[in-house]
Amino acid sequence: MPLHVRSISIKVAVICFFGIAVVGWAGGLSPFTCCKRAMIAAIVAYAATVLAVKAINSILISAITKSQMDRYEGKNSVGGD
């Protein structure tokens, strides 16, 4: 079953946003600077997560398809090598 790209990516982006914001706040940066940096990090994290989840989905679908094809060919083989 493929993973849900959007929901996973949004969760990672939100976690990244707040993580970067807290680090910037703890470092004594202004709220505007924290917000800008956290927003940029969240956008980058969202894009990277979308690509990673799509790659994982592609691998999973390929493996599932291969498994089903092997099972189908095994049931329909006559010789039984």
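Here are some notes:
- Helix 31-76 axis versus longest C-alpha principal axis of the chain: approximately 0°, rounded to the nearest ten.
- Between the stretch 31-62 and the stretch 1-29, the alpha-carbon center distance in angstrom: 8 Å
- Principal semi-axes in Å for the chain [√(5λ), Cα gyration tensor, largest first]: 47, 8, 7
- Percent RCO, i.e. relative contact order, over the chain, from Cα pairs under 8 Å lying at least 6 residues apart: 39 percent
- Mean accessible surface per residue for the chain, computed with a 1.4 Å probe while every protein chain stays in place, in Å²: 78 Å²
The values are calculated or read from the model by the stated rules, or taken from the named source; none is laboratory data. Predicted model, so just to flag it, every value in this text is computed and none were measured. Heavy atoms of the whole protein, side chains included, go into the accessibility calculation; ligands, DNA and RNA do not. Shrake-Rupley method; radii C 1.70, N 1.55, O 1.52, S 1.80 Å.
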